[in-house]
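Reading through the structure tokens given below for one structure.
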Amino acid sequence: MKKYIFIVCALLMAPLANAASDFKEGVEYKVVQEVASNEPVVAEFFSYVCPHCDSFEPLMAKLEERIPDMQLKKIPVAFLGGDMGPVLQRAHGAATLLKAEDKITPVLFDAMLRAKKKPNNIADIKTLFLANDITEKKFDSVINSFVLNGMIGQYDKATQRFDIRSTPTVIVKDKYELDMSEIGSEERFYQVVEYLLTKD
């Protein structure tokens, strides 16, 4: 009887034990840098004009809940959205500095993807911020600040460093880029990220 219980337990544990070994370089992920970060960092490159990025938001939120020690970096790219690409980068950075990212992110996605009249310039973006409890004084204090300009430089540097050409793109530990088309399911996405966070 004890032997039978042991076999059943082993079979139940097998899928969990083999899950990590099922993930292969060149399939679920590829190596984009030789050296991995020592920090549990996950970077998501995105754009507010990207419908898939909008749909991806709940997954990233759940990932943060699932891995509390993970450091999530959301990096807006400038190459999508035409003239609004750099403006939306600046808007994201401003929201981050004002600690209003959770509030402003869905507003920007709605404005760029679903609104009949989309924002066309920084003045339109300012109107959205003011309509969502950000004072004009606070907005003006950060939107052209030295700190924000530095953040935008870092966004562009990271986009170039990892040769980002589409969104959403997820990079784990500055080394591994996920191939979402091969991962196949939400649960598997979480498992791949958890696996890669343990790799050097």
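The values are calculated or read from the model by the stated rules, or taken from the named source; none is laboratory data. Please read these numbers as outputs of a predicted model, since none were measured by experiment. We place every Cβ from the backbone using ideal geometry, glycine too, and count neighbours over all the protein chains shown. Surface accessibility is based on the protein's heavy atoms, side chains included, excluding ligands, DNA and RNA. Shrake-Rupley method; radii C 1.70, N 1.55, O 1.52, S 1.80 Å.
So which of K103/K175; K138/K173; K30/K62; K116/K137; K118/K173; K103/K199 end up more than 26 Å apart by C-alpha? Violating the 26 Å Cα-Cα cut-off are K103/K175; K138/K173; K116/K137; K118/K173; K103/K199.
Seen through its C-alpha gyration tensor, with square-root eigenvalues sorted a ≥ b ≥ c, the chain comes out prolate because a/c lies at 1.5 or above while a/b is bigger than b/c.
Accessible surface of region 105-167, 1.4 Å probe: 53 percent of it comes from carbon and sulfur atoms.
Note on D102 and I67: their simple-model spin labels are 2.1 nm apart, each label 7 Å out from Cα toward Cβ. Give me the log10 of I(q) over I(0) for region 92-200 at q = 0.14, 0.21 Å⁻¹, as the Debye formula computes it from C-alpha points; what are the numbers? Log10 I(q)/I(0), no solvent term: -0.78, -1.14. The mean accessible area for residues of region 79-123, using a 1.4 Å probe and ignoring ligands and nucleic acids, is 53 Å² per residue.
Remark: relative contact order (the chain) = 37 percent; criterion is Cα-Cα distance under 8 angstrom and separation of 6 or more residues. Approximating the spin labels as points 7 Å out from Cα along Cα→Cβ, the D179-to-K117 distance works out to 4.6 nm. Relative contact order, whole percent, for region 101-200 stands at 13, derived from Cα pairs under 8 Å and 6 or more residues apart. Rounded, prolate or oblate, given the Cα gyration tensor of region 72-153, with a/c below 1.5 counting as rounded? Note, shape of region 72-153 comes out rounded.
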